[in-house]
1. Please pick out the residue among 180, 212 that is in contact (Cβ under 8 Å) with a residue 40 or more places away in the chain, in contact with a Ser or Thr (Cβ under 8 Å, 6 or more places away or on another chain) and of a type in the set (Lys, Arg).
2. Of all the residues that make up region 205-227, how many are in contact with a Gly (Cβ under 7 Å, 6 or more places away or on another chain) and buried (at least 24 other Cβ atoms within 10 Å of the Cβ)?
3. Does any residue of region 16-23 turn out to be buried (at least 21 other Cβ atoms within 10 Å of the Cβ), over 22 Å from residue 186 (Cα atoms) and hydrophobic (A, V, I, L, M, F, W, C)?
4. Name every residue in region 1-24 that is small (Gly, Ala, Ser) and out of contact with any Asp or Glu (no Cβ under 9 Å at 6 or more places or on another chain), in order of residue number.
5. If only one of 132, 137, 166, 110 is of a type in the set (Ser, Thr, Tyr), farther than 30 Å from residue 85 by Cα and in contact (Cβ under 8 Å) with a residue 24 or more places away in the chain, which one is it?
6. Would you check which residues across region 135-159 are of a type in the set (Gly, Ala, Ser) and more than 17 Å from residue 203 (Cβ to Cβ) and list them?
7. Within region 138-146, identify whether any single residue is surrounded by fewer than 16 Cβ atoms within 10 Å (Cβ to Cβ) and either under 24 Å from residue 74 (Cα atoms) or in contact with a helix residue (DSSP H, G or I) (Cβ under 9 Å, 6 or more places away or on another chain) (or both), and answer yes or no.
8. Here is a check on your reading of the model: is residue 207 of a type in the set (Gly, Ala, Ser), touching a residue at least 40 places away in the same chain (Cβ under 8 Å) and under 21 Å from residue 108 (Cα atoms)?
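None of the figures in this text is laboratory data; all of them are computed from the coordinates on show. It should be emphasised that the depicted structure is a prediction, and the values quoted were computed from it without experimental measurement. Positions of Cβ are backbone-derived with ideal geometry, glycine not excepted, and every protein chain shown enters the neighbour counts.
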Amino acid sequence: MAHHTIKSPVVLVNLKCYQESVGHGAHRIAQAAQEVAEESGVSIALAPMYMDIHPIKHHFGIPVFAQHFDPISPGAHTGRIPLTAIKTAGAVGSLINHSEYRLSIADIETNVQALRNEGMISCVCSNNVATTSAVATLGPDYVAIEPPELIGGKISVAEANPEIITGSVQAALKANPDVKVLTGAGIHSGKCVKTAVDLGTVGVLLASSVVKAEDPGAVLRDLVSLL
C-alpha cells in the first residue's frame, strides 16, 4: 500500500477545540499554513476537528491529520470515529495518545497498526522518556515528545536543558531507528524550532500560539524563519 510521507522539517499544528479553530477559523489557519509552506518550503500540516478534515483537504493543499480516532472496527458504535471515517474524509494520518486524549498501550498499538495497514501516518504523543521508548517500539512514523517540564509554555525549548529533548530522541531511536521525533512543548519562536531540529528532531507539534494568534501567518513565518 502506498504510504503517505511528509518531507522534513515539519510543523504540525494541532487545532484542538478552540473557538478560533471552528469552521471558518480553521480555514483561516489553513490558508496561512498553505501560504507559509509555499513560501518557505517547510512542510506545514494541520490536525483540525473531525468536521473540518474534509473541507480543509478539499480547499487547501496541505496534509491534514485527525486529532484522534477510536480503536474500533466499523459497526454498531454510535458516536465513535473509526479509522475509515477519517481516511474517507481525506486525513493522511492521525495523532494518537495526545496528552488531552490518553490511550492505553494496547489501544496505541491497535491504532498504529491500523494506520500502517492503510498506508497512513501515525504520530504518537508521549510525555516522558520511558513512554517514548515504549511507543517507539510499536513502529509509529512519528513520536511527538511533550516533556512535562515544558508544557504550558513557561520555558522555551531554546533555553531549556537540551537533555530534556536529546534524552527522548535517543530513547526513541534506540527503540526504533526508523522513527522520526517531533517536539511539542515550549515552542515559541523560530529559534525554538531551529533548536529542536538541531537537537535531532524533525520538527515540532504545537497549537495555541498559532491557533489563538491575531495573525497565524505571521506566527508561522517566524516559526519557520531559521530552517
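1. On the way: 212 fails: in contact with a Ser or Thr (Cβ under 8 Å, 6 or more places away or on another chain).
On inspection, the qualifying residue turns out to be 180.
2. Residues flagged as in contact with a Gly (Cβ under 7 Å, 6 or more places away or on another chain) and buried (at least 24 other Cβ atoms within 10 Å of the Cβ) within region 205-227 amount to 3.
3. Pass one, region 16-23, residues buried (at least 21 other Cβ atoms within 10 Å of the Cβ): 21.
Narrowing the set further to residues that are over 22 Å from residue 186 (Cα atoms) leaves none.
Scanning region 16-23, I find no residue that is buried (at least 21 other Cβ atoms within 10 Å of the Cβ), over 22 Å from residue 186 (Cα atoms) and hydrophobic (A, V, I, L, M, F, W, C), so the answer is no.
4. Pass one, region 1-24, residues small (Gly, Ala, Ser): 2, 8, 21, 23.
2, 8 - these are the residues of region 1-24 that are small (Gly, Ala, Ser) and out of contact with any Asp or Glu (no Cβ under 9 Å at 6 or more places or on another chain).
5. On the way: 132 fails: farther than 30 Å from residue 85 by Cα; 137 fails: farther than 30 Å from residue 85 by Cα; 110 fails: farther than 30 Å from residue 85 by Cα.
So the residue among 132, 137, 166, 110 that is of a type in the set (Ser, Thr, Tyr), farther than 30 Å from residue 85 by Cα and in contact (Cβ under 8 Å) with a residue 24 or more places away in the chain is 166.
6. We begin by selecting, within region 135-159, every residue of a type in the set (Gly, Ala, Ser); these are 136, 139, 144, 152-153, 156, 158.
Residues satisfying the conditions are 139, 152, 153.
7. Looking only at region 138-146, we keep the residues that are surrounded by fewer than 16 Cβ atoms within 10 Å (Cβ to Cβ), and these are none.
Within region 138-146 (the criterion being surrounded by fewer than 16 Cβ atoms within 10 Å (Cβ to Cβ) and either under 24 Å from residue 74 (Cα atoms) or in contact with a helix residue (DSSP H, G or I) (Cβ under 9 Å, 6 or more places away or on another chain) (or both)), the answer is no, since none of the residues qualifies.
8. Numbers: of a type in the set (Gly, Ala, Ser): yes; touching a residue at least 40 places away in the same chain (Cβ under 8 Å): yes; under 21 Å from residue 108 (Cα atoms): no.
Against the criterion (of a type in the set (Gly, Ala, Ser), touching a residue at least 40 places away in the same chain (Cβ under 8 Å) and under 21 Å from residue 108 (Cα atoms)), residue 207 does not qualify.
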